Amino acid sequence: MFAKSLLVASLALAVGTSFASTQATKDDAVAMVKKGVAFIKASGVEKGYAEITNTSGQFIKNDLYLVVYGLDGKCLAHGANAKQVGRDLIELTDIDGKPFIKDRVAMVKAKPAGAWQEYKFTNPVSKKIEPKVMYCEKLGETAVCGGVYP
């Protein structure tokens, strides 16, 4: 009986650890945004945006991916949904009606060195709408952002 309980406990711990290791952290988001900004500066906009939009590229880590928006709300690069690239998303709202792109653009204008935003969005791993926190930095006339599901 003890051995069976130990096995069940070990499996539960392994599953919990496995899930936790697939979820990105706030530190991961900050590091990824900084890496993305550096890559765009070094490689140029065309190559940078293409790499960010590449779903098997270096800017994807589990549930973390980068997005780049012009300060007018136009999506310039999107690591989880290339269909968003080129679209004007300034009026996009979350499930609670929060205009998160408009808020995001205003946020980077006010705090260009980096800031966090809270909203709700579909987690690409769970496929469920969940609370999300997005870290963004201003780069020229754009916002480079990466978010996690806490």
- Query: Which ranges mark the helices (runs of 4 or more DSSP H) fully within region 1-88 that have 2 or more residues being at pLDDT below 95?
  - Reply: 2-22
- Query: Which of the residues belonging to region 124-150 are surrounded by fewer than 22 Cβ atoms within 10 Å (Cβ to Cβ) and in a strand (DSSP E or B)?
  - Reply: Ile129, Glu130, Pro131, Lys132, Val133, Glu137, Lys138, Leu139
- Considering residues of region 62-75 that are of a type in the set (D, E, K, R) and crowded, with 17+ Cβ neighbours inside 10 Å only, the residue farthest from the chain's Cα centre (by Cα): Lys74
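The values are calculated or read from the model by the stated rules, or taken from the named source; none is laboratory data. Computed from a predicted model, the values in this text were never measured in an experiment. All Cβ positions, glycine included, derive from the backbone under ideal geometry; neighbour counts span all protein chains shown.
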